[in-house]
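Each remark here refers to the structure printed beneath this line.
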Amino acid sequence: MSPDTAPVDSASTEAGEPRSAAEHCAAAEALFSRARAIYPTLSSRAVDQGEYRRCLDWAHLHLRLAEAITSGAGVVFAHRHLLANPDVRLHDTYVSGETQEWNEYFESQHNATRRSA
């Protein structure tokens, strides 16, 4: 792999295609497996070191994206739970604006088969 490209994961998704948190976790797992396979034969050559480092960096990115998506879903769930409780008064709070953004993101993740993110 050239230094200017991202590792290709097992899903082989197109650029810009939406991914769920589970798909990001699977991509991270594939990249960690690739790094684990590289490690026993790792030499001091810069190319080998760079490939190993890229795999770990991209896996870390995928895990951070999965964590952000999961956290956003938790915020939306908690907000909906509070809205459903008539005893709780939610004035125009910042969390309402945050959940609106997450709701729009999750709605955009649905494809034609209605598979949710």
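The values are calculated or read from the model by the stated rules, or taken from the named source; none is laboratory data. Keep in mind the model is a prediction, meaning the values are calculated, not measured. SASA here: full protein model, heavy atoms, side chains in, ligands and nucleic acids out. Shrake-Rupley method; radii C 1.70, N 1.55, O 1.52, S 1.80 Å.
Per 0.36 nm of contour for each residue apart, how much would the distance between residue 78 and residue 48 grow if the chain were fully extended, relative to their Cα-Cα spacing? Could you put the intermediate results ahead of the total?
Working: separation 30, 0.36 × 30 = 10.80 nm, distance 4.55 nm.
So the chain would gain 6.3 nm between residue 78 and residue 48.
Could you order 48, 57 by accessible surface area, starting with the largest, using a probe radius of 1.4 Å?
Details: 48 40, 57 75 Å².
Ranked list, largest accessible area first: 57, 48.
For the range 21-86, how big is Rg over Rh, using alpha carbon atoms and the Kirkwood form of Rh?
Numbers: Rg = 18.0 Å, Rh = 13.7 Å.
When Rh is taken as the Kirkwood radius, the ratio is 1.31.
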